[in-house]
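Written out below as structure tokens is the structure these notes cover.
The values are calculated or read from the model by the stated rules, or taken from the named source; none is laboratory data. A quick note: this is a predicted structure, and the numbers were derived from the prediction, not measured. Cβ placement follows ideal geometry from the backbone for every residue including glycine, while neighbour counts extend to all protein chains displayed.
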Amino acid sequence: MSAQDDDFDGFHVNPPPPPSAADEAASTPSAPESRESVEAVGENAELPSMSGLGDPAVETAALTEEMSGVGPGEPASAPSGDLSPNGLRMQPCYTWKGEKVGILELLRRFNLEEYMINGISRLADLHLKCNEPAHYRLDGELIPLEDAGILDSKTVKALIYPLLRRDQIEDLERELPVDVDAAFHLEEEEGMNFRINAFFDRDGLAAVVRALPRHVPPIETLGFPDFQVLQDILKMRQGLVIVSGITGSGKSTTIAAILKEINRTQKLRIITLEDPVEYVMHGDQCLISQREVGGQAGSFKGGLRSALREDPDVIFVGEIRDIETASLALSAAETGHVVFTTLHTKDAKGVVTRMVDLFPAERSKEIQSQMSFSIKYVIAQKLLPRASGSGRVAAYEILHNVASVSNLIRSGNWHQIYATMQLSAKDKMITLEKHLENMVRDGVITAEHAVQYANDPSHLQALTAPSMAV
């Protein structure tokens, strides 16, 4: 077996020096430890404090030993309780309704029937923060878990660390911690996928666990104002589609639904670069390779550069974060590939300005020209509470890069983009405000929420008139 085969998920543990005879004698226990003392973690036991104690690999190995019940160098066995992929035991450590529960019980709440609407949970996120009880985001509002205990740093570690890779735990335990983005798949029933962000604040370790829908929704259920937009995207053979919105607005779900339909109906090669992989896709008509940044790919730019040599038809870049990734995505879209990606902007015009602002000022004209040819559609979206009070629904802004829009992008007259969308319904364009107005008329959302979520509420003043009330 090679040295790499001995590594676990890319995590290296430095071998300890051979013990002396005195060390062996001192380390011999006078009596066997009870199972309870080995298994106790969380509120009832001290987890090793590892910050600033030396080699992070050795420190993380100590945490692994305490939570897994196996010694250094021993293979992780499967004792009573649930083992995570990294070998740490997911066991009860948090007080809820007078009983001890573990991370699995907290994650399973996302799958309770009482929170389901059309197969999608109304619970979106689990928040864990020291000195506070656990919170869930329900229909957009942050709600504390009823009759739950106050979290401390040891308990948060015991809940979150089993969901992370060893190298990610090591990143958190550095003297200057690095925030960690991770994915976790729960193999129960039909499976559940989670996206995790772990970080430190002034009170200690904190984490947000986002539940992803168990099934990628059909494109018919996305609620697009004009379904022909999706039909056009499915027929594309080259070009860039950018989906924008704030965190938690459903960008990944929209792209996953489009890729699912491509996979169902076309024989193409799809390569994705994600951080982390959110929806696990299996080939139907398409050949699909999913690569996770930090796992199978070192970076978005490196993975995208490699993908262009791997005969792709469709490329999904999880997010454009730097100049090189943006440049490669634009070039790929120009050279016969369909490219999907996301940006964090509130509207379609913001996508254009954000892309140009990534580059030095002296390259602005060049990038504007390249974007005017590469971009096909910009989709900006937000999630709003339904008028019924149960669940949320997406509202969209659609920018279609027809000749008039292309000229505005190339010339830098971006302030005219919104007015062009207002007057271009025949070209399958719509502003967010117009879609919100339509949703109010159809009784899907309330006028108050439409005004609250609008990018420019002044365009929705008519919604407050008595004749428009619903």
Residues satisfying the stated conditions in the range 138-160, i.e. without any contact (Cβ under 8 Å) to a residue 60 or more places away in the chain and within 15 Å of Arg210 (Cβ to Cβ): Leu138, Leu142, Ile160
Give me the residue from the range 73-103 that is surrounded by fewer than 18 Cβ atoms within 10 Å (Cβ to Cβ) and either charged (D, E, K, R) or in contact with an Asp or Glu (Cβ under 6 Å, 6 or more places away or on another chain) (or both) and, out of that set, modelled with the lowest pLDDT. Glu74
Might you let me know whether the range 130-139 holds any residue that is surrounded by fewer than 17 Cβ atoms within 10 Å (Cβ to Cβ) and among the hydrophobic types (A, V, I, L, M, F, W, C)? yes
Listed residues Thr265, Thr254; which is β-branched (Val, Ile, Thr) and closer than 30 Å to Pro385 by Cα? Thr254
Restricting the first residue to the range 427-446 and requiring it to be of a type in the set (Lys, Arg), which pairs with a second residue that is assigned to a loop (DSSP other than H, G, I, E, B) meet a Cβ separation below 7 Å and a spacing of at least six or different chains? Lys428/Asp226
Every residue in the range 118-153 that is among the polar types (S, T, N, Q) and either outside any loop (DSSP other than H, G, I, E, B) or modelled with pLDDT under 95 (or both), please. Asn118, Ser121, Ser153
Any residue in the range 336-348 that is of a type in the set (S, T, N, Q) and free of Cβ contacts under 8 Å to residues at least 40 places away in the same chain? no
Residues that are over 17 Å from Arg166 (Cα atoms), in contact (Cβ under 8 Å) with a residue 60 or more places away in the chain and surrounded by 15 or more Cβ atoms within 10 Å (Cβ to Cβ), drawn from the range 177-202: Leu186, Met192, Asn193, Phe194
Odd one out for Leu164 among (1) out of contact with any Cys (no Cβ under 6 Å at 6 or more places or on another chain); (2) surrounded by fewer than 22 Cβ atoms within 10 Å (Cβ to Cβ); (3) touching a residue at least 12 places away in the same chain (Cβ under 8 Å): (2)
Within the range 203-218, can one find any residue that is in contact (Cβ under 8 Å) with a residue 24 or more places away in the chain, β-branched (Val, Ile, Thr) and closer than 19 Å to Tyr161 by Cβ? yes
Could you please find all residues in the range 296-332 being acidic (Asp, Glu) and either surrounded by fewer than 16 Cβ atoms within 10 Å (Cβ to Cβ) or touching a residue at least 24 places away in the same chain (Cβ under 8 Å) (or both)? Glu310, Asp311, Asp313, Glu319, Asp322
Taking the range 168-184 on its own, how many of its residues are within 18 Å of Met90 (Cα to Cα) and out of contact with any helix residue (DSSP H, G or I) (no Cβ under 8 Å at 6 or more places or on another chain)? 2
Here is a list: Ala403, Ala425, Ala387. Which entry is modelled with pLDDT of 95 or more, surrounded by fewer than 21 Cβ atoms within 10 Å (Cβ to Cβ) and more than 19 Å from Met355 (Cβ to Cβ)? Ala403
Restricting to the range 431-449, count the residues that are among the small types (Gly, Ala, Ser) and either modelled with pLDDT of 95 or more or not in a helix (DSSP H, G or I) (or both). 1
Take residues that are among the aliphatic types (A, V, I, L, M) and under 16 Å from Tyr377 (Cα atoms) and tell me which of the helices (runs of 4 or more DSSP H) falling wholly in the range 154-266 contain 3 or more. 227-235, 251-265
